[in-house]
1. Can you list residues from other chains, or at least 5 along the same chain, whose modelled amide H is less than 5 Å from the amide H of GLY88?
2. Amide H to amide H under 5 Å from LYS191: which residues, 5+ apart in sequence or cross-chain, H placed 1.01 Å off N in plane?
3. Taking the Cβ-Cβ separation of LEU142 and GLN223 as r and a Förster radius of 30 Å, what is the calculated FRET efficiency to the nearest 0.05?
4. TYR41 versus ASP194, label points 7 Å from Cα toward the beta carbon: distance in nm?
5. With a Förster radius of 22 Å, plug the Cβ-Cβ distance of GLN70 and TYR184 into 1/(1 + (r/R0)^6) and report the FRET value to the nearest 0.05.
6. Rounded to whole Å, give me the distance from the Cα center of region 67-132 to that of region 171-213.
7. Under the 0.36 nm per residue contour assumption, what length would be gained going from the current alpha-carbon distance of ALA51 and ILE175 to full extension?
8. Classify region 2-238 from the C-alpha gyration tensor, please: rounded if a/c falls under 1.5, else prolate or oblate depending on whether a/b exceeds b/c.
Amino acid sequence: MLIELLNIFLLGILLTGDVSDSSGNQFVNQQQRQFYLQKLYQFRRENEDIAPGGVVFIGNSIVEAFDLEQYFPGVYAINRGITGDRIGLGTDGGILKRMNESCYALKPSKVFIMVGINDLGDRRRPVEELGDGYGKIIKCILDSFPDIEIFVHSILPTGGVYARLNPAIDSLNMILQNLCDSLYLHHYQIKYIDLHHQFSDERGQIKPELTIEGLHLKNIAYQLWADYIFHYVYSGQCYQIPINFNDSTDNQGEDQKQDN
């Protein structure tokens, strides 16, 4: 299913949003708009039964395809990735427009964020504005959960037809690192995670063995990612936090399966 959706949205980062929802939020095409609304409905339903304190991953298709249950067994990890999603600036549909479904309602202990490649792809906003958008996401989280741990991933390098995005990716990553360093100095629990260095080859492009088509990731890449952030995900975690589907503790492991 996800592979089919990736095929639908693959060229989305090259286009300007021209489909709106009832609130005026812009999307790349009708398929993305419909998928986005379906995911929000799914998240709202799931959130009714999710206990607080989990580890939340927020982002786009790269996050959505991350099988958290497989790579982080025993951790109550919640996937809030949506294929084709963006930061959510201005009239864009995106993370800033779904903070309740993806963060507030979950009352997480940690949040991992990766988003921005679709914003860079449509080239409608300068990287400085995208950095400001990241700042808004982080501020929204900290305003509600000032003691939360936040992990901001670098934007990954690209290859093939998407390699033209790499200079902008480098610029945005520098902004994100400076943003995280500044907030850390103000005693917030925030860390910049430099996956870009792990994924790039000598040309600054994504290593061919890690990618499907220069943008999305193969399983070996997800394993590399999981290994790199393993300590941050597991540190301080209370394992096997239950979802409140029923009152029986005997079925917790069976009841914890998440839709990624």
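Nothing in this text is a laboratory measurement; each read-out follows from the coordinates by a stated rule. Note that the structure is a prediction, hence the values are computed from the model and not measured. Methodologically, a virtual Cβ is constructed for each residue, glycine included, from the backbone with ideal geometry; neighbour enumeration extends over all protein chains shown.
1. Here the answer is ILE95, LEU96, since their amide H atoms fall under 5 Å of that of GLY88.
2. Amide H to amide H, under 5 Å and 5 or more residues apart or across chains, LYS191 pairs with ILE150, PHE151, VAL152.
3. 0.45
4. So the label points at TYR41 and ASP194 sit 4.4 nm apart.
5. On the way: r = 31 Å, r/R0 = 1.39.
It comes out at approximately 0.10.
6. Region 67-132 and region 171-213 have Cα centres spaced 15 Å from each other.
7. Taking 0.36 nm per residue and subtracting the Cα distance, the gain is 41.2 nm.
8. Values: a/c = 1.27, a/b = 1.09, b/c = 1.17.
Rounded is the answer for region 2-238, as its axis ratio a/c remains below 1.5.
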